[in-house]
1. Ranking 177, 121 by Cβ neighbours within 10 Å, fewest first, what do you get?
2. I want the antiparallel fraction of DSSP beta bridges within the range 1-99, as a percent rounded to 5.
3. Connecting C-alpha atoms closer than 10 Å in a GNM of the chain, tell me which of 124, 140, 178 has the biggest fluctuation.
4. Can you sort 208, 269, 6 by how many other beta carbons sit within 10 Å, fewest first?
5. Taking the Cβ of each residue in 50, 57, 39 as the centre, tally the other Cβ atoms inside 10 Å and list the residues starting with the fewest.
6. How big is the antiparallel share of DSSP beta bridges in the chain, given as a percent to the nearest 5?
7. What value does the range 1-69 have for Rg/Rh, both radii from Cα atoms and Rh as Kirkwood defines it?
8. What area, in nm² and to one decimal, does the C-alpha convex hull of the range 83-185 cast on average over all directions?
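Taken together, the values in this text are just the output of simple stated rules run on the coordinates, not laboratory data. These numbers come from a predicted model, not from an experiment. Note that each Cβ is placed from the backbone with ideal geometry, even for glycine, and that neighbours are counted across all protein chains shown.
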């Protein structure tokens, strides 16, 4: 019978945030899969755990993944942790969780700290609904696309960023959102120098240009507060009509229309059905 993979949330910084259930789990398992074993060793010592530490990070080989799966398949329990917060959220641990699920290995969550929730609750922005975009690509069309997604979001948007690139992110957001959009930047959450600054993109961009950021950073961008209205290309209706006249089904015509014009499939389906 396979062991259980426990996905264990660990403190963002303050060891006092380690839950009793998480500490007990770390003590009971045979092995702990950690992003950085040197970083995680003090945590295991704090919890009183003597579990075997196994390295598993974004550059781990297939062999490392296979080793952890082998431990589980031998019937021994494994705890998955990340350097801080909840594993598999913008974290390579998702690969291990997916592989374990494919093999029918039991998976149990031990919930706890997460920078997403921690930053949202001190931002002052609505969090009934929010969009989490994690770390944006450093450059290229994918970065531009996600910046536009953030700018056009009706709801609050949460992003992760490394400290040395925060100023660039705020500058890029100004370009797509305008300088007056409200934003909050949290750093060192739960640690001694925890700080959250809120203001306009322009204000925080100027501040961090003069005072470089240190520590882990979460950026919370206020939403537009209104649904995105998608504009149809001027010739979309004519193209939809032409596709239908070619004998395409409504579904195929909508798919082609979305692909050719860049409008969403929902908009394309609606336009085709109107015809």
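1. Placing the least packed residue first, the sequence is 121, 177.
2. 10 percent
3. It is 140.
4. So the residues, fewest neighbours to most, are 269, 208, 6.
5. Placing the least packed residue first, the sequence is 50, 39, 57.
6. That works out to approximately 45 percent antiparallel.
7. Reported Rg/Rh, Kirkwood definition of Rh: 0.96.
8. Seen from a random direction, the Cα hull of the range 83-185 projects 8.1 nm² on average.
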